[in-house]
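See structure below.
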Amino acid sequence: MKRKVIDIGEVVEYWRDKPNSFGTFIDVNEPTCWSCGQFWEGRYDAVGSTYLSCWRKAPLQICHVIPKSLGGNEHPNNLVLMCKECHDLAPNTSFPEILYRWMSQQCYLKRLIVKLELALSDFDITIDEIRQLINILQTPEFKEWVKKHSGLHWPQSGYSGLGNKMTLSTYVGLIKYYSSRVQLQKEVP
Ligand SMILES: [Zn+2]
């Protein structure tokens, strides 16, 4: 028997006007991850398109509340929409409340800040140094230099944290390198 392919639109239609336990307000014109709230700077908002087609274009995945391996079905009441990163990180159990509780605590900005803290510590960047690095970030020389030295890699999770194809560690690593080596060489002839 051919497996029925579920359409994202069915899931949106099912949840759109219902109260939910994962703490998300669903605005049908603004596709977002129902877990972390990532909205891709509004890139997929329904401007000049129908709301269902905008949800189909957004990088969202259909996720089971109760996993299929634990008997979960394909009814929209057992399905939610999440970005790839949330889908990868989400708990898989037979208890919906565990997933709902986890979803309600996710926030893409919080996650970005934690990743930024990690990247800063990976490259030994102190709080005092940040202001100096921000000044460098804004210079045309640095912007040009970064283009030449960064590879583009779309993370498997679809989430670089920067809204583009450069990962946070690339950016933070490059700015540290630039400030500690390239710029110093320029200043010391
Ligand atoms: Zn998410």
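The values are calculated or read from the model by the stated rules, or taken from the named source; none is laboratory data. Everything numeric in this text was worked out from a predicted model, so none of it was measured. Every residue, glycine as well, gets a Cβ built from its backbone with ideal geometry; the counts of neighbours run over all protein chains shown. Keep in mind that these areas ignore ligands, DNA and RNA; they rest on the heavy atoms of the full protein, side chains included. Shrake-Rupley method; radii C 1.70, N 1.55, O 1.52, S 1.80 Å.
Among the residues of the stretch 70-84 satisfying the criterion of being among the aliphatic types (A, V, I, L, M) and under 16 Å from Ser35 (Cβ atoms), which is farthest from the ligand (Cβ to nearest atom)?
Leu79
Counting only residues that are in a loop (DSSP other than H, G, I, E, B) and either within 15 Å of the ligand (Cβ to nearest atom) or free of Cβ contacts under 8 Å to residues at least 60 places away in the same chain (or both), how many does the stretch 1-19 have?
Number of matching residues: 9.
Could you go through the stretch 107-129 and let me know if any residue there is under 10 Å from Ser35 (Cα atoms) and either within 16 Å of the ligand (Cβ to nearest atom) or within 18 Å of the chain's Cα centre (by Cα) (or both).
Looking for residues that are under 10 Å from Ser35 (Cα atoms) and either within 16 Å of the ligand (Cβ to nearest atom) or within 18 Å of the chain's Cα centre (by Cα) (or both), one finds at least one in the stretch 107-129, hence yes.
From Arg56, Arg101, which residue is touching a helix residue (DSSP H, G or I) at 6+ places or on another chain (Cβ under 7 Å), in the same structural domain as Gly23 (by TED's automatic domain parsing) and part of a helix (DSSP H, G or I)?
Arg56
Being under 24 Å from Ala90 (Cα atoms), open to solvent by 30 Å² or more (accessible area, probe 1.4 Å) and modelled with pLDDT of 90 or more is the filter here, so list the residues in the stretch 38-57 that pass it.
Phe39, Tyr44, Arg56, Lys57
Give the residues of the stretch 65-98 that are open to solvent by 70 Å² or more (accessible area, probe 1.4 Å) and assigned to a loop (DSSP other than H, G, I, E, B), sorted by residue number.
Answer for the stretch 65-98, where residues must be open to solvent by 70 Å² or more (accessible area, probe 1.4 Å) and assigned to a loop (DSSP other than H, G, I, E, B): Asn73, His75, Asn92, Phe95.
Applying the selection to the stretch 33-52, what residues are within 16 Å of the ligand (Cβ to nearest atom) and not basic (Lys, Arg)?
Scanning the stretch 33-52 gives Cys33, Trp34, Ser35, Cys36, Gly37, Gln38, Phe39, Trp40, Glu41, Gly42, Tyr44.
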